[in-house]
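Novice: Next up is a structure, given as structure tokens.
Values quoted throughout were computed directly from the atomic coordinates according to the rules given, and no laboratory measurement underlies them. Remember, it's a predicted structure, so these values are computed and weren't measured experimentally. Using ideal geometry, Cβ is built from the backbone for each residue, glycine included, and neighbour counts are taken over all protein chains shown.
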Protein chains: 2
Amino acid sequence: MKPIHDDTLDPQLESWVLSANTEDSDFPIQNLPFGRFRQKADEAWRIGVAIGEYVLDLRAAGLIEHGDMQRVMQAAPLAQQALRLALSSGLRSGSARRAAWEAALLLQADVELGLPCEVGDYTDFYIGAHHATEVGRQFRPDNPLLPNYQWLPIGYHGRTSTLLASGAAFHRPYGQIKPATADMPVLAPSQRLDLELELGLFIGLPNTLGEAIALQQAEQHLFGITLFNDWSARDIQAWEYQPLGPFLGKSFASSVSPWMVTMQALAPFRRPLLRPAGFAEPLPYLDSPDNRASGALDIQLEVLLQTANMAQAGHAGDVISRSNFADAACWTAAQLVTHHSINGCALRTGDLLGSGTLSGSSREHGSGSLLELTCGGSQPLQLSNGEQRGFLADGDTIVLRAWCEREGAQRIGFGECRGTILPAQTLP
Amino acid sequence: MKPIHDDTLDPQLESWVLSANTEDSDFPIQNLPFGRFRQKADEAWRIGVAIGEYVLDLRAAGLIEHGDMQRVMQAAPLAQQALRLALSSGLRSGSARRAAWEAALLLQADVELGLPCEVGDYTDFYIGAHHATEVGRQFRPDNPLLPNYQWLPIGYHGRTSTLLASGAAFHRPYGQIKPATADMPVLAPSQRLDLELELGLFIGLPNTLGEAIALQQAEQHLFGITLFNDWSARDIQAWEYQPLGPFLGKSFASSVSPWMVTMQALAPFRRPLLRPAGFAEPLPYLDSPDNRASGALDIQLEVLLQTANMAQAGHAGDVISRSNFADAACWTAAQLVTHHSINGCALRTGDLLGSGTLSGSSREHGSGSLLELTCGGSQPLQLSNGEQRGFLADGDTIVLRAWCEREGAQRIGFGECRGTILPAQTLP
């Protein structure tokens, strides 16, 4: 059913797509995030923008003539502003475009939403200082935060072949696991399967190989932000990660939400950068007055756990954590881009930068992983239906959500990032 | 000048492309490695096979109808055998195809050779046990090889956006560097720029996400092998790498040679797997009688350093190291594939697995990095023209070479992997 015109709408703030105007909609006309969708599994991906419960097909609306998200993302800032303005004006209540664009609207529930773009390289950062401290304490009790942590955004390369669209299920991974009391490892399904609450930052404008991106220009290279769940097998990771970092404990699956919320939409939700007490000032290439004053983003985050029993009972799941990007992260998005390119590294359109796990300042204030929430599994979560979880069980679904709200601005949301754990497969 | 027929050739072993028949040719008819080339920078890549000094354009020769290397690499084993047979029979002395195929031959020196294929993900392993021991000793004197090293092939994810074709020059990277005696890091060009002598293993047949590849099937998923130089900035790496592994110390450049030498061509050069003394037997999923008996590959390796002064004097460079894949690596190619996929990780056509640095058992027996060759820069190399090197200087060119030879088999080679260091650029 297509929306019906309503003469009471405010044409500056509201859309003729009525579901965009409800208070709790993630996708009001102020948001306009980009994603890819299709109606059948054998179709090519199409480019859409979320508006209320709908997706606007950009080609059908006459706004672009192709289905290549990379071309949209790599456009110059002025071209991106022009596209945003055209979308905003055409979707506004009273727009003359309405008649033509109604035919280009599809219910999100009726389409498949894919990965928002092709991803060339995926880098995972580790800028959640509370998370790094708490996890560091479990892996290195005497030495939780290493000396480099305050000086640079720690990051490492991840794997793109196992990026999953939201909604995809995946099998519990096998791996080498060494029980603390054993002399040798065993090959077994992970028993310490965890989520990681992250945001995913997508590169728009690329840089040239060999040319660093200055902090002042860094945000021009960011197209938008999604939710990101970097699923982790803690037992596999613990055994394999030294000296070169996580590998198979991460590379079995990472889930990405469908909608890239643009930096333009996030502009009303800027905040000063919070650096943990005692941290040194960044080196000059990672510092600027603007970055200090408004480089952080006030994005609220939420994790839901829905067990198989809950799903069967029609229960949407328990909220097991809430935190906030600006509270959790000790570096800004711009600092990540600048640091990543300071060695001349080429950032390509569609490259993904994971933020790292975004935990609040304590378990009570929202940890972004079960490793923290349950103290490494030793203090299981008590769920509302009487079940317990130290780590994730087969059939569990994790849903990440995020939104921005403040006085005087329209709330915008990120939709959700959902993934479900299937039992380990039999090995060949 | 096209080759001239010679009635004295052995049609079983020799080609009508006469430069393929010389004793020192890397590309005799027994090799037939695959790569991509073009004649102009604005052309699409074309698929070729190296034969002597020439490249055979596979489309012009009527063997394929496209320019997509991935399609060649992902073909089923039987289809790949058929293509190899057609190439071998058509290039053989006396072949009726000669007249048609002469028009499909181009001198390698007249074309641009690119990366051999599009690379989705790049994983770097660390299976050179001598290298791991020596480097471990420099980073962790009391603890060179960690307990996991003998149980699994250590690996981590790398970056594909900075993979360079052989011949490309790149700028010395900037990065955060912390002098041992300083309280804080500085931003500066790397002063400890190094090479890493590696082989690059390319995935052909992909697996399905979630499905591990059994050791017995693993080699069917490998298409071929190139030379690989994983340039490393040791000072950047030393400061940033804990706890999550190398990042910007590696991601500025990695050079790949143009020709993928196929597993079929390497078949005559199999050797038993050598495991270092005292290492445990692998877990069953990483072990088989075939893998022990013939899972390793006898590939000889060589590193040349040509300084700017040498280049100016027309000197090809000094050989600074020689080693051997089978002597250096404590895991086989098949074990890398199986371990990489044991968690269900999808290996896609064109994915690259770096072997890790392939050093011999001592400095005298061929170290694959200057970190080892010069004891971390403290014992500079004395070069033949009187220059010295602790680490690499601006204008230095590194050339990697590899070949296989044994009694009773035709020698085959890998061509070369070449890269040159340009001065650091001014930061923006």
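Novice: What are the extents of the Cα atoms of region B:351-391 along their three principal axes, in Å, largest first?
Specialist: 41, 22, 18
Novice: If you put +1 on each Lys and Arg Cβ and -1 on each Asp and Glu Cβ, how big is the dipole of region B:235-394 around its Cα centre, in Debye rounded to 20?
Specialist: 280 debye
Novice: Let me ask something additional. In Å, what Kirkwood hydrodynamic radius results for the protein assembly as shown from the alpha-carbon pair distances?
Specialist: That comes to 28.4 Å for the protein assembly as shown.
Novice: While we're here: Work out the FRET efficiency for residue B:89 and residue B:42 from their Cβ-Cβ distance, taking R0 = 25 Å, and round it to the nearest 0.05.
Specialist: For R0 = 25 Å, the calculated efficiency reads 0.10.
Novice: Enter the mean number of other protein chain beta carbons within 10 Å of the beta carbon of each residue in A:420-427, as an integer.
Specialist: 2
Novice: Counting only other chains, and only Cβ atoms inside 10 Å, what mean value do you get across the residues of A:145-158?
Specialist: Going residue by residue through A:145-158 and averaging, the value is 6.
Novice: Need the full-extension length gain, residue B:298 to residue B:188, defined as separation in residues times 0.36 nm minus the C-alpha distance. One decimal, nm.
Specialist: Extending this stretch completely gives an extra 35.5 nm.
Novice: Can I ask one more? Would you kindly give the portion of the calculated P(r) for region B:368-416 that falls above 14 Å, as a percent of all Cα pairs?
Specialist: 65 percent
Novice: Taking N as the number of residues in region A:30-174, what is its Cα Rg relative to 2.2 N^0.38 Å?
Specialist: Taking N as the residue count of region A:30-174, the ratio is 1.41.
Novice: If you don't mind, there's one more thing I want to ask. What's the whole-number percent of alpha carbon pairs in chain B lying beyond 33 angstrom?
Specialist: Here the tail beyond 33 Å accounts for 33 percent of pairs.
Novice: Starting from the Kirkwood Rh over alpha-carbon pairs, what translational D in µm² s⁻¹ does region B:182-247 have by Stokes-Einstein at 10 °C and 1.306 mPa s?
Specialist: 104 µm²/s
Novice: Using per-residue counts of other Cβ atoms within 10 Å, averaged over each peptide, order A:384-393, A:229-238, A:127-136, B:87-96 from highest down.
Specialist: Answer by packing, highest mean first, reads A:229-238, A:127-136, B:87-96, A:384-393.
Novice: Run the label-point distances for residue A:364 please: 7 Å along Cα to Cβ, every other copy, nanometres, shortest first.
Specialist: For residue A:364, the other copies' label points sit at 6.7 nm, shortest first.
Novice: Any idea what angle helix B:129-139 forms with the longest principal axis of chain B, computed on alpha-carbon atoms, 0 to 90 degrees, nearest 10?
Specialist: 30 degrees
Novice: When averaged across all projection directions, what area in nm² does the alpha-carbon convex hull of region B:144-254 cover?
Specialist: Here the figure is 9.6 nm², rounded to one decimal.
Novice: Something else about it: Sequence-distant or interchain residues sharing an amide H contact under 5 Å with residue A:415, placed H: which?
Specialist: It is A:402, by chain and number.
Novice: So, with +1 on the Cβ of K and R and -1 on the Cβ of D and E, and no other charges, what is the size of the charge dipole of chain B about its Cα centre, to the nearest 20 debye?
Specialist: Its charge dipole is roughly 420 debye.
Novice: Alpha carbon centre of region B:381-428 versus region A:268-335: separation in Å?
Specialist: 45 Å
Novice: Continuing with this model, one more query. Give the relative contact order (percent, whole number) for chain A; include only Cα pairs under 8 Å separated by 6+ residues.
Specialist: Relative contact order, chain A: 20 percent.
Novice: Mean separation of Cα pairs under 8 Å and 6+ residues apart, divided by the residue count of region B:279-428: what relative contact order is that in percent?
Specialist: About 23 percent, as a whole number.
Novice: If we count every other residue with Cβ under 9 angstrom of residue B:412's Cβ, Lys/Arg +1 and Asp/Glu -1, where does the sum land?
Specialist: Residues close to residue B:412 contribute a combined charge of -1.
Novice: Please name which of A:377, A:21, B:371 has its Cα lying farthest along the dipole of the protein assembly as shown towards the positive end, using unit charges on Cβ (Lys, Arg +1; Asp, Glu -1) and the Cα centre as origin.
Specialist: The listed residue farthest towards the positive side: A:21.
Novice: Continuing with the same structure: Using the Karplus equation 6.51 cos²θ - 1.76 cosθ + 1.60 (θ = phi - 60°), what ³J(HN,Hα) coupling, rounded to whole Hz, does each residue of region A:114-120 give in order, writing x for Gly and Pro?
Specialist: The phi angles translate into x, 4, x, 6, 5, 10, x Hz.
Novice: Which chain B residue sits with its beta carbon nearest the axis carrying B onto A, and how many Å away is it, rounded to a whole number?
Specialist: Residue nearest the B-to-A axis, with distance in whole Å: B:245, 1.
Novice: Mind listing the phi-derived Karplus ³J(HN,Hα) values for region B:245-257, rounded to whole Hz, using 6.51, -1.76 and 1.60 with θ = phi - 60°, and x for any glycine or proline?
Specialist: Along region B:245-257, the couplings run x, x, 9, 6, x, 10, 8, 8, 5, 9, 9, 10, 6 Hz.
Novice: I've got another one for you. Which residues does the label zone of residue A:10 cover in region A:16-56, counting backbone N under 13 Å from a point 7 Å along Cα→Cβ?
Specialist: In region A:16-56, the label zone of residue A:10 (backbone N under 13 Å from the point 7 Å along Cα→Cβ) covers A:21-23, A:29-30.
Novice: Counting helices only, and only those DSSP H runs with n ≥ 4, report the 222 nm mean residue ellipticity of chain A as the sum of -39,500 (n - 2.57) divided by its residues, in deg cm²/dmol to the nearest 500.
Specialist: -4500 deg cm²/dmol
Novice: Which distances, in nm and shortest first, link the residue A:386 label point to the same label point in every other copy, taking 7 Å along Cα→Cβ?
Specialist: Listed shortest first, these distances are 8.9 nm.
Novice: Please list, short to long, the whole-number percent of alpha-carbon pairs of region B:226-268 in consecutive 10 angstrom bins beginning at zero.
Specialist: Per 10 Å bin, starting at zero, the Cα-Cα P(r) for region B:226-268 comes out as 26, 33, 21, 18, 2 percent.
Novice: Restricting things to alpha carbons, find the Rg to Rh ratio for region A:301-354 using the Kirkwood radius for Rh.
Specialist: Rounded to two decimals, Rg over Rh is 1.25.
Novice: Give me a single rounded figure for A:246-258: the average over its residues of other chain Cβ atoms within 10 Å of their Cβ.
Specialist: For this peptide, the per-residue mean of nearby foreign Cβ atoms is 4.
Novice: Out of A:228, A:286, A:133, whose Cα points farthest toward the positive end of the dipole of chain A (charges: +1 Lys, Arg; -1 Asp, Glu; placed on Cβ)?
Specialist: A:286
Novice: Follow-up. For residue B:214 and residue A:422, what is the calculated FRET efficiency with R₀ set at 22 Å and r taken between the beta-carbons, to the nearest 0.05?
Specialist: Efficiency, from the Cβ-Cβ distance: 0.60.
Novice: Which distances, in nm and shortest first, link the residue A:82 label point to the same label point in every other copy, taking 7 Å along Cα→Cβ?
Specialist: Between copies, matching label points for residue A:82 lie 5.0 nm apart.
Novice: Just the ratio, please: alpha-carbon radius of gyration of region B:15-66 over 2.2 N^0.38 Å, N its number of residues.
Specialist: Scaled against compact globular proteins, the figure is 1.20.
Novice: Test of understanding: ordering A:399, B:55 by Cβ neighbours within 10 Å, fewest first, what list do you get?
Specialist: Fewest-to-most ranking of A:399, B:55: A:399, B:55.
Novice: Right, here's the next one. Over the residues of region A:324-428, compute the C-alpha Rg and express it relative to 2.2 N^0.38 Å.
Specialist: Normalised Rg, Cα atoms only: 1.40.
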